Amino acid sequence: MKKKTVLFICSFNSVRSQMAEGFLKARCKDHYTVFSAGIAPAGLNPYAVAVMKEAGIDISTQKSKQIAQFRGTRFDFVITLCDRAKKAVPKSLPKGETIIHHGFVSPSDIHENKEQILEDFRTLRDDIDAWLTAIFPDCPENRRDTGVLRHDGTSS
């Protein structure tokens, strides 16, 4: 069976799309080939790396990529994770059989102390995790009973 292709897109390809790429690669690698990109890549955010590591997923080797890198490529799923990416000139987005949008909070809107920033990144991570579990239910690895200890002390 041929794996389906997925491209996650957000503004900077530093947090949201990187987390989504990490989750789907870790949990659905037998079903999907996964990529991420950004409108203006800004490098991998260290808070994103830290909170994903807490969830048992290492995204530290992932790289920010420019959306233009995928021009002319057709994906089964093109998923925008922020309103800015959705509003980008639609012709500049790669083609997808299925286009999905979910506007997650921008981490750049978070301006508190380090502990609050980490907590907000954990919340974002958990929101992306739950949403991906709902839209990709065919992944046996994507079940909520993976045993990963979440930041609130519960198992996922």
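Each value in this text was obtained by applying a stated rule to the coordinates, not by laboratory testing. Keep in mind it's a predicted model, so treat the numbers as computed, not measured. Backbone-built Cβ (ideal geometry, glycine too); neighbour counts: all protein chains shown.
Relative contact order (percent) for the stretch 1-48, with alpha-carbon contacts under 8 angstrom and 6 or more residues of separation?
Details: 82 pairs, mean separation 24.4, N = 48.
Value for the stretch 1-48: 51 percent.
If I stretch the segment between ALA42 and ALA134 completely, what's the gain in nm (0.36 nm per residue apart, minus their alpha carbon distance), one decimal? Provide the component values of the computation, followed by the final result.
Details: separation 92, 0.36 × 92 = 33.12 nm, distance 2.85 nm.
Stretched fully, the ALA42-ALA134 segment lengthens by 30.3 nm.
Tell me which trypsin sites (Lys or Arg not before Pro) from the stretch 1-97 have a DSSP coil assignment and no more than 14 other beta carbons within 10 Å of their own.
Numbers: sites: LYS2, LYS3, LYS4, ARG16, LYS25, ARG27, LYS29, LYS53, LYS63, LYS65, ARG71, ARG74, ARG84, LYS86, LYS87, LYS91, LYS95; in loops: LYS2, LYS3, LYS29, LYS63, LYS65, ARG71.
Listed in order of number, the matching sites are LYS2, LYS3, LYS29, LYS63, ARG71.
Divide the volume of the convex hull of the Cα atoms of the stretch 4-142 by its number of residues and quote the answer in cubic angstrom per residue.
Details: hull volume 13.1 nm³, N = 139.
For the stretch 4-142, the hull spanned by Cα atoms encloses 94 Å³ per residue.
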Open item on the list: Just to be sure I understand the model, the point goes 7 Å from the Cα along the line to the Cβ. What's the resulting THR33 to GLN69 distance in nm?
Closed with: 1.5 nm
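Go through LYS25/LYS114; LYS63/LYS86; LYS3/LYS86; LYS65/LYS91 and tell me which ones have a Cα-Cα distance over 23 Å in this structure. Numbers along the way, then the final one.
Details: LYS25/LYS114 28 Å; LYS63/LYS86 21 Å; LYS3/LYS86 25 Å; LYS65/LYS91 18 Å.
The answer is LYS25/LYS114; LYS3/LYS86.
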Task: Theoretical gain in end-to-end length, LYS114 to GLU54 [0.36 nm per residue, Cα-Cα removed] - done: 20.0 nm
TODO: Compute the length gained on full extension between VAL105 and ASP83: take 0.36 nm times their separation in residues and subtract their Cα-Cα distance, giving the result in nm to one decimal.
DONE: 7.0 nm
